[in-house]
1. Are any residues in the stretch A:134-179 under 17 Å from the mean Cα position of the chain (by Cα) and within 14 Å of chain B (Cβ to nearest Cβ), and if so, which ones?
2. Contact list please: Cβ distance under 6 Å, first residue in the stretch B:83-94 and closer than 17 Å to B:Gly170 by Cα, second residue small (Gly, Ala, Ser) and surrounded by fewer than 16 Cβ atoms within 10 Å (Cβ to Cβ), pairs at least six apart or on different chains.
3. State all residues of the stretch B:35-48 that are touching a strand residue (DSSP E or B) at 6+ places or on another chain (Cβ under 7 Å) and surrounded by fewer than 19 Cβ atoms within 10 Å (Cβ to Cβ); if no residue qualifies, say none.
4. Might you let me know whether the stretch A:33-40 holds any residue that is under 18 Å from A:Gly144 (Cα atoms) and either within 14 Å of chain B (Cβ to nearest Cβ) or in contact with a Cys (Cβ under 7 Å, 6 or more places away or on another chain) (or both)?
5. Going by what's in this entry, would A:Leu257 be described as within 11 Å of chain B (Cβ to nearest Cβ) and within 16 Å of A:Ser213 (Cα to Cα)?
6. Taking A:Ala245, is it of a type in the set (A, V, I, L, M) and modelled with pLDDT of 95 or more?
7. What's the total number of residues in the stretch B:149-162 that are part of a strand (DSSP E or B) and buried (at least 23 other Cβ atoms within 10 Å of the Cβ)?
8. If a residue must be touching a residue at least 40 places away in the same chain (Cβ under 8 Å), surrounded by fewer than 22 Cβ atoms within 10 Å (Cβ to Cβ) and of a type outside the set (A, V, I, L, M), how many such residues does the stretch A:106-145 contain?
Amino acid sequence: MGRILVERALGPALIQDAGRPGYARLGVPASGAADPVSLDVGNRRVGNPAAAPAIEIALAGGTFAFDSPASAVLAGSEFEAWIEEPSGERRPLGLWRTARVPAGGRIHVGGVRGGARVYLCVAGRLEVPTVLGSTSTYPACGLGGWHGRPLRAGDEVPFAAGGDTGSSLSDDAAAALRSLLRPDVLRVTEGAQRGAFRPESVRGFHEATFRVSRQSDRTGIRLEGPAIDIESAGSMLTEGTPPGAVQVPPGGAPIVLGVDGPTTGGYPMIAAVIAADLPALAHLVPGDPVRFRTTTLDDARRALAELRKLVAGLGVPS
Amino acid sequence: MHDWASDFRLRLDLGEDASGGGSARVRAAADALAEARVPGVADVVPAYRVLLVTIDPEAGDPEAVADRVRAIVRGAAGRRAAVGPVIEIPVCYQSPYSPDLDDVADRAGLTPSEVVAAHASREYRVAFLGFAPGFPYLEGLDPRLATPRLDRPRVRVPEGSVAIGGAQAGIYPFALPGGWRVVGRTPLRLFRTEVDPPALLAPGDRVRFVPIDAARFERMHAGRG
């Protein structure tokens, strides 16, 4: 059994797997990787099951020391990253490029170069207890993951090393994933309370360019920009709220619910981001522009089918 | 107009329950769906009048799964929702566990003791769980106690806080930000991952609040492992 010593983790850095769906009726969100596509592709690079736990690193990066040899890959958005040998010598660690880390080596994840998140997938298995069937962290309520909280300096995460072979993605595949994970617009279908909004407000919503607020996190992407008016004065009865739902609270600043978002809510929903575009939410950086474009249910489902086909096609060559 | 909340989430608005039972019709539909074990239904969230059904994108045509769900829900129209047991929740309504009790009393034109009596004398129904793991939305609050949320939500409402939000009553299972008015606190844990089921309360359960004093609260709180 090896150990990953966390030397720095300002990210936040959270243990996430593919999540714990099926508990929403208990008020437990599915959580899991905010970008399950990158988790899937990254895990398979290093020979792991697609849903295996990884370290989800956001914005401020982290430094991870290995006390025994491991294969690892960074999957998701590009960060400044390098491997430090025990000798101190450094070599760059490119996105989607599986690499060997020797005993005593370190992986440094520094500054953001594109989107907000990257997954450190280690060949083998991170030994983290499961809670409600998953190793995912839901930090708001201290559920799961590493003691229910983000990793911090001094933590030692045990891992059972896997094989020492791995593969990297071709440049074409990396480019295809990049455009999928950083689209120009987020496609949406009509929200449950769309009728509660004046037509001008709906138009305004679709014509606006919002900016991602610093207050954004896995619970939701908060948007700054033109305030959206709500037509009906009455308040809405609380109902189930899916990830991707675009809620408009009093004040008119939309929130796009994330994977840690509450399972029910009372704010009217003007739109819902399509399943194929949910992974892109994970990569939004504060200040990024956000625009919404309506699509049909059929097109939304087709987009997901295409996404899944693309991801399946990135299997490890035999 | 369709009944999809998103591309893979079906939203069934079951309307007001004619008997005034509120969410009972939604719970009955959720029960029927659970029994039917429809392939492709990944999750079901009941609420006051809306049932949100998550459909697994890997289960083939979502419209086909949805048709099956709609048929089962239609078929459950006359079904009685299961009524759960009465769960007693000890609550300390004394300071410092009841920071908004005086406010609620003032707005209701009652004394704090009268508010406690009105709050603790009713039998509530758990309409559904939501907002946070194990958080119960309770129906049955004395209408005199309905109080709007705080203008500025608290950054942290202590775990176990018993609260009122508008005409809704609930209990915070974790320390969380929140705008509901806190009238008391329970030493009970509402959500424990080490037990199955992890939530103390289930939709359809009935709840009675039992007043306890601060000394008893502290003993019970200290004693819970």
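1. Residues satisfying the conditions are A:Ser134, A:Thr135, A:Ser136, A:Thr137, A:Tyr138, A:Pro139, A:Ala140, A:Gly144, A:Gly145, A:Arg149.
2. Partner pairs satisfying both residue conditions: B:Cys92/B:Ala214.
3. Residues of the stretch B:35-48 that are touching a strand residue (DSSP E or B) at 6+ places or on another chain (Cβ under 7 Å), as a first pass: B:40-48.
Selection gives B:Ala42 alone.
4. Yes, there is a match, as at least one residue in the stretch A:33-40 is under 18 Å from A:Gly144 (Cα atoms) and either within 14 Å of chain B (Cβ to nearest Cβ) or in contact with a Cys (Cβ under 7 Å, 6 or more places away or on another chain) (or both).
5. Details: within 11 Å of chain B (Cβ to nearest Cβ): yes; within 16 Å of A:Ser213 (Cα to Cα): yes.
Criteria met by A:Leu257.
6. Values: of a type in the set (A, V, I, L, M): yes; modelled with pLDDT of 95 or more: yes.
Answer is yes for this residue.
7. Keep residues of the stretch B:149-162 that are part of a strand (DSSP E or B), which gives B:154-157, B:161-162.
Then keep just the ones that are buried (at least 23 other Cβ atoms within 10 Å of the Cβ); that gives B:161-162.
Within the stretch B:149-162, residues that are part of a strand (DSSP E or B) and buried (at least 23 other Cβ atoms within 10 Å of the Cβ) number 2.
8. 10
The values are calculated or read from the model by the stated rules, or taken from the named source; none is laboratory data. Predicted model, so just to flag it, every value in this text is computed and none were measured. Because the Cβ atoms are built from the backbone with ideal geometry, glycine has one as well, and the counts that use them run over all protein chains shown.
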